[in-house]
Structures are given as structure tokens and as C-alpha cells.
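The values are calculated or read from the model by the stated rules, or taken from the named source; none is laboratory data. These figures come from a predicted structure and were not determined experimentally. Neighbour counts are summed over all protein chains in view; Cβ atoms, including those assigned to glycine, are modelled from backbone coordinates with ideal geometry. Protein only, heavy atoms only, side chains kept; ligands, DNA and RNA dropped before computing areas. Shrake-Rupley method; radii C 1.70, N 1.55, O 1.52, S 1.80 Å.
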Amino acid sequence: MRVEVERKFVCNSDVHEKLREIGAVCVGQCEFEDKYFDCPEHHLTLRDVWLRCRQGSWELKCPTQEDRQERGEQESHARSLLTRYREITSLPEIIAKVREVTGEECAGHGPSRMEDEGMRMEDVDECSLRGGALSWLNELHLVPFAVFSTKRCSFTLAEEGQQHGVRVDLDQADFGFCVGEIEVLLPDGGEMQPALEQIERTAQRLGLSGEKRVPGKMDAYLQKYCPEHYKKLLNAKIL
Ligand code: V4E
């Protein structure tokens, strides 16, 4: 298990040049499709828990213990621009976490939305089936609510005196939205402050003004395609 600490930024036309100037190295380009799942009542996302299947691999992002404690407490401006999520990639752990988070709320309310709305298993696709969709997605009434593809350019930026470089991703989603991310991966329980400082230094080197939170692909997707779900998440202060 690992923790992803990340700051998003507006990806304008100068960013590639700026990355080159500060010595960032392009480490690859890729394209992937993400399919996000929740139950129809949005029990997962309303708890800031994000279940997705990316190119056949399941991932769950959920808030860290520290984040839950810090919510409501005063946090620094630099900290408020960051997100920090635990990433779980083992399917048995993901299923256990989903059950824990929902208290199995998603299950046991009569026919699932898939049955109700006549959704076919093909709508879920082979990625879900590889994870045994019929037994757990269906049982927990989890259905896809967002599907999009992303073209990503990844860079690393070394820093003097730092063992690990920072990673910068430039993402272009297929629904017409671009965003940049400065990212540090920590082992679970790893120290937050050095990661925060490393991200802050990188943001300064990129000349980012960093006055307010920058929305991610999910904000943009839900705003465009699922406005009711988006409104619920805004009201719950999840997005
Ligand atoms: C955590 C989260 C979501 C899941 C997707 O996370 P994100 O890092 O935005 O996506 P992506 O494609 O860059 O994943 P990676 O390849 O880095 O693993 S969707 C919404 N959230 C919550 C969230 C939030 N509340 N605020 C911000 C700025 N970002 C995400």
C-alpha cells in the first residue's frame, strides 16, 4: 500500500517549455481508459472513496487517517492545495475496504441498478469480469458512473540532496480537459512534510501561482456529464 501526495495545476501551453528549462526528463507517454464505479446512492464517492478499473487493473483511492483528522482543523495554504490518498491495488483488499466503507450499504436493497435499468454485463466489460464482477460488483451494486480516456506525458525532476525525484504528469482527457499534476509517492505512514516541501519547490520552479485548488479530470467530467452527482459531492465538500 502506498500514499499519493499530489498537487494539480492548470496545464497551459508554456508548461512543456518550462519543464525543459528546469531539467525535467520525459519518461514516457501513454494512453489509458479509466472506468469509475459506485453504487447508485453514491455511498463510495460521498465518502471520498474512488474505485476504478484502469486498463484491467483495479485501484481504490481513499483518504488517509491523517487527512480525516486534519479535515476541519486549520491547515496551511500550501497544504490545502494538495491531495493525499491511500492507494490500494490488491483486489481482496479493495473488496474488503468497499464493504467496510459502505457497511455493505450498497448491497441488499432489492434488485441492483444493473438489473433495474436493464444494464447488460457488456456495459461493465471484461475488466470487471476479470475481477469477478458478477460476484462482487453485482453483489455490492456497483456500476460504472464515469468512463474516459487520458493521454499522459510523464516527466521526472531530480533535486539535489533528494533521494527520490518528483513526478510531473500532463494529462489530456478525451472529453476536452487538460490538467497537470506534481506527484510524490510515499510508503504508507511515510513523512508528509518533506513531500509537501518537494511539491511546493517544484511548483515554484514551474512558476505556478498556486492561489486556489485546481479541479481534476473527475470534477470536469461530473460537472459536464453527471451534474446531480457533482452537486452532491460539492455539497458534501468532497470536490
Ligand atoms: C482521488 C480522486 C479521484 C480519483 C482520481 O484521482 P486523480 O489523481 O485525480 O486521477 P488520476 O487519473 O491523475 O490518477 P493517477 O494516475 O494519478 O493515479 S477523483 C476525485 N478525487 C478526489 C480529488 C479531490 N477532492 N481534489 C482534487 C484536486 N483531486 C482529486
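Of note:
- Spin-label pair Q29/A158, simplified geometry with 7 Å Cα→Cβ offset, distance in nm: 2.5
- Computed FRET value (nearest 0.05) for L185 with E228, which takes r as the C-beta separation and R₀ as 35 Å: 0.55
- The simple Förster model, with R0 at 25 Å and r as the Cβ-Cβ distance, assigns E100 and S149 a FRET efficiency of 0.25.
- Value in Å of the Kirkwood radius, where the stretch 147-211 supplies the Cα pairs that are averaged: 13.2
- Phi to ³J(HN,Hα) by Karplus 6.51 cos²θ - 1.76 cosθ + 1.60 over the stretch 26-34, Hz, x for Gly, Pro: 6, 10, x, 10, 8, 9, 9, 10, 10
- Accessible surface, 1.4 Å probe, highest first, among residues D14, D169: D14, D169
- Of K151/K231; K35/K212; K97/K151; K151/K232; K61/K232; K97/K212, those spanning more than 21 Å from alpha-carbon to alpha-carbon: K151/K231; K35/K212; K97/K151; K151/K232; K97/K212
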